[in-house]
1. How many of the residues in segment 13-22 are over 12 Å from Ala99 (Cβ atoms) and either hydroxyl-bearing (Ser, Thr, Tyr) or free of Cβ contacts under 8 Å to residues at least 60 places away in the same chain (or both)?
2. Since Leu117 meets every condition but one in (1) part of a helix (DSSP H, G or I); (2) crowded, with 19+ Cβ neighbours inside 10 Å; (3) touching a Lys or Arg at 6+ places or on another chain (Cβ under 9 Å); (4) among the hydrophobic types (A, V, I, L, M, F, W, C), which condition does it not meet?
3. Can you tell me which residue within segment 175-196, out of those that are of a type in the set (Phe, Trp, Tyr) and not in a helix (DSSP H, G or I), is nearest to Lys90 (Cα to Cα)?
4. Which residue, of Ala91, Ala118, Ala86, is over 14 Å from the mean Cα position of the chain (by Cα) and without any contact (Cβ under 8 Å) to a residue 24 or more places away in the chain?
5. Regarding Ile172, is this residue surrounded by 20 or more Cβ atoms within 10 Å (Cβ to Cβ), at pLDDT below 95 and not in a loop (DSSP other than H, G, I, E, B)?
6. What number of residues in segment 24-60 are of a type in the set (A, V, I, L, M) and part of a helix (DSSP H, G or I)?
7. Could you tell me whether any residue of segment 37-49 is buried (at least 16 other Cβ atoms within 10 Å of the Cβ), closer than 22 Å to Tyr211 by Cα and modelled with pLDDT of 95 or more?
8. Based on what the data block shows, is Val95 part of a helix (DSSP H, G or I), surrounded by 20 or more Cβ atoms within 10 Å (Cβ to Cβ), aliphatic (A, V, I, L, M) and in contact with a strand residue (DSSP E or B) (Cβ under 9 Å, 6 or more places away or on another chain)?
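The values are calculated or read from the model by the stated rules, or taken from the named source; none is laboratory data. Please read these numbers as outputs of a predicted model, since none were measured by experiment. Using ideal geometry, Cβ is built from the backbone for each residue, glycine included, and neighbour counts are taken over all protein chains shown.
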Amino acid sequence: MKIVSIIQARMSSSRLPGKVMADISGHPMIWHVLQRVQAINRLDGIVLAIPETPADDCLAEVAQEWGIGCVRGSEYDVLQRYYRAAEWAKADAIVRVTADCPLFDPGIANRALMQYLATDVDYVCAGAGMIGATDLGFPRGTDVEIFSFRVLDQVWRNAKTLYDHEHVTPYIYQSGQFTIGTVKPIGWERWPELRLCVDTEDDLRMVREIYTKLYREGAKPFTLQAIVSLLKRHPEIITNAGQKE
């Protein structure tokens, strides 16, 4: 089985344009996401799925610098772009993360992947952004999804709505056609009200502060446990970002 992580990224965010290249502790956000993806076990490849627009040429340069795959497609039909990347990579199983989540925990991704490989389900997810917002209890921004190319192919052939094409996977967990597995948070991982993704300037300031306190050049990616411990000790980081403790 060839397991490939496909990271969707683009420069044209409506709320925070260029965020995936925003500086965090001396590196672009996408650099930190790639660092974390590389820490996922059993991956056979990483591919950036980016738009064909000139504004996204900088992301293609990042992929070239890292020696990873880069597939380009529609800016707004993300499902098309994603399908094209999976087909190009000849992926059997896909680990999906997004480029605006520079705090996702590779350890949680590993748990999701182990569960996917050990069961017969079509789709496994961990995080708050899937299957009903905060139902799983993880903070927003720790999201990871795993599914087969066979499932993605069915979605590509059958999904018709603009929403499905913009968000890639809702058809999987809303259509009732697929079996679903979930990774549940344990202890300190449960904090569904917390946002760790980057959609706004406040989000970016909070992530930068977390990295300032926890990131060490050359070290392994710090964990969700370390993030939660930090924020429990320093709740002002959350309130300064406009979130409730």
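1. Residues meeting the conditions: 2.
2. (2)
3. Once the filter is applied, the top-ranked residue is Phe178.
4. Ala118
5. Here the answer is yes, as Ile172 does meet what is asked.
6. Matching residues across segment 24-60 total 8.
7. Yes, that holds for at least one residue.
8. Answer is no for this residue.
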